[in-house]
Amino acid sequence: MANNLSEKTVDALLDKLSSDDDFRARFQQNPREATRSLGTGDPAVDSLPETPMPALADKKALAGSRAKVKDALVTSAYPFQPIHLDMPER
């Protein structure tokens, strides 16, 4: 089974995570099922966790760091290893 998410899946995932609050809530509860709902047919989706995620980066941070996040997700053998975003201090 492939572990790397396809670029098509990552693009769809980042679009939703940076814009759709309902999708973000579903993704936080079950990343695998939420990503599967994108309909990309990517077999690597089966390697994603089904357990809730404690937190997500906010939509602006994801949109602003999209290229870095995309590269990390497409090239990682374990797509959901921690990704460090450049976040402005609040």
- Phi angles of the stretch 35-44, converted by Karplus (6.51 cos²θ - 1.76 cosθ + 1.60, θ = phi - 60°) into ³J(HN,Hα) in whole Hz with x for Gly and Pro, give 5, 4, 5, 6, x, 7, x, 6, x, 5
- Query: Glu7 to Ala61: FRET efficiency via 1/(1 + (r/R0)^6), r the Cβ-Cβ distance, R0 22 Å, to the nearest 0.05?
  - Reply: 0.60
- Message: Can you give the FRET efficiency to the nearest 0.05 for Arg32 and Thr75, using r as the Cβ-Cβ distance and R₀ = 22 Å?
- Response: 0.65
- Please turn the phi angles of the stretch 10-19 into ³J(HN,Hα) values with the Karplus equation 6.51 cos²θ - 1.76 cosθ + 1.60 (θ = phi - 60°), one per residue in order, whole Hz, x for glycine and proline. 4, 4, 5, 4, 5, 4, 5, 5, 9, 8
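For Asp21 and Thr51 in one chain, what is 0.36 nm times their gap in residues minus the Cα-Cα distance, to one decimal in nm?
On the way: separation 30, 0.36 × 30 = 10.80 nm, distance 1.87 nm.
Value of the extension gain: 8.9 nm.
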- Note on the structure: Rounded to the angstrom and largest first, Cα extents along the principal axes for the stretch 2-74 equal 29, 24, 19
- Charge dipole magnitude, Cβ of K and R +1, D and E -1 - the stretch 7-74, Cα centre, debye nearest 20: 180
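The numbers here are math on the coordinates, done by the rules we state, and not lab data. Treat the numbers as computed from the prediction; the structure is a model and nothing was measured. Cβ coordinates were reconstructed from backbone atoms using ideal geometry, including for glycine residues, and neighbour counts include every protein chain displayed.
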